[in-house]
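Right, one structure below, let's go through it.
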Amino acid sequence: SRPYNLDAPPPDQAVADAALKSIEAMTTLAATFRQTAPGGGVATGKVSLRRPGQVRFDYDDPSPITIVATGGVVYVENTDLETTDSYPLGKTPLRFLLSKRIDISDATLAGVERFEDAVAVTWASTDDETEGQLTLYLSAPDLQILHWAVTDAQGGVTLVELSGATLGGKLDNRQF
């Protein structure tokens, strides 16, 4: 057998596997975010994530939205409309970030892009109920999450860019 060539870039599957391992190793993340919706609208706020299973998006004014995932459910609160909708976490793209062991059995590796200081790994859902794609952008070579993009079944892309991220810190239980 030929020895592995360290100068050659690793194959796409190896990059994707390493990206998943990096996400699975992440315990907590606190950051500010900038979200760009498919229609071009921009919202900002703070995100707190604790793996497995918990995340909170606090949107800045004027957005009335707060999103909290806990106990396998994603809650979307709209204070203007005085509504709270809930969805099973497993049917949302957040499951890829929040699962203890990330299960991609209902997704296929759609592509790996390499940049000078980052990689982008895209998985496409093969489940009719969760159609779409998730692209994780990670710094290279340390594979820390920078942002993600979700492409819905209609081709609309929602981009969430992180800044000022702190990994591994303590998060208040009351957030979730």
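The values are calculated or read from the model by the stated rules, or taken from the named source; none is laboratory data. For clarity, every value in this text was computed on a predicted model and none was experimentally measured. Here the Cβ is made from the backbone with ideal geometry for all residues, glycine too, and neighbour counts use every protein chain on show. All accessible areas refer to the heavy atoms of the entire protein, side chains included, with ligands and DNA or RNA removed. Shrake-Rupley method; radii C 1.70, N 1.55, O 1.52, S 1.80 Å.
Plainly put, the chain has a radius of gyration that is 0.98 times its Kirkwood radius, both from alpha-carbon atoms, as the Rg/Rh ratio. For Asp103 and Ala25, the difference between the fully extended length at 0.36 nm per residue and the C-alpha to C-alpha distance is 26.6 nm. Excluding same-chain neighbours fewer than eight residues apart, the lysines reachable from Lys46 by a Cα-Cα span under 21 Å are Lys170.
Rounding to the nearest 20 debye, state how big the charge dipole of the chain is about its Cα centre with +1 on each Lys and Arg Cβ and -1 on each Asp and Glu Cβ. All intermediate terms of the calculation are to be shown ahead of the outcome.
Details: 14 positive and 24 negative charges, 144 e Å.
Taking the Cα centre of the chain as origin, the dipole is about 680 debye.
What a 1.4 Å probe finds exposed on segment 14-117 is 52% carbon and sulfur by accessible area, rounded to a whole percent.
For the chain, give me the percentage of DSSP beta bridges that are antiparallel, rounded to the nearest 5 percent.
In the chain, DSSP labels about 100 percent of beta bridges as antiparallel.
Magnitude of the charge dipole for segment 75-176, about its Cα centre and with charges confined to Cβ atoms of Lys, Arg (+1) and Asp, Glu (-1), is about 480 debye. Packing-based ranking of 56-62, 92-98 yields 92-98, 56-62, ordered from highest to lowest mean Cβ neighbour count within 10 Å. Normalised per residue, the accessible area of the chain is 57 Å², obtained with a 1.4 Å probe and no contribution from ligands, DNA or RNA.
Comparing Cα centroids, segment 77-109 and segment 116-160 end up 14 angstrom apart. Please check which bits of segment 135-159 a label hung off Asp117 would reach, taking the label as a point 7 Å along Cα-to-C-beta and the cut-off as backbone N under 11 Å. Only 139-141 pass the distance filter.
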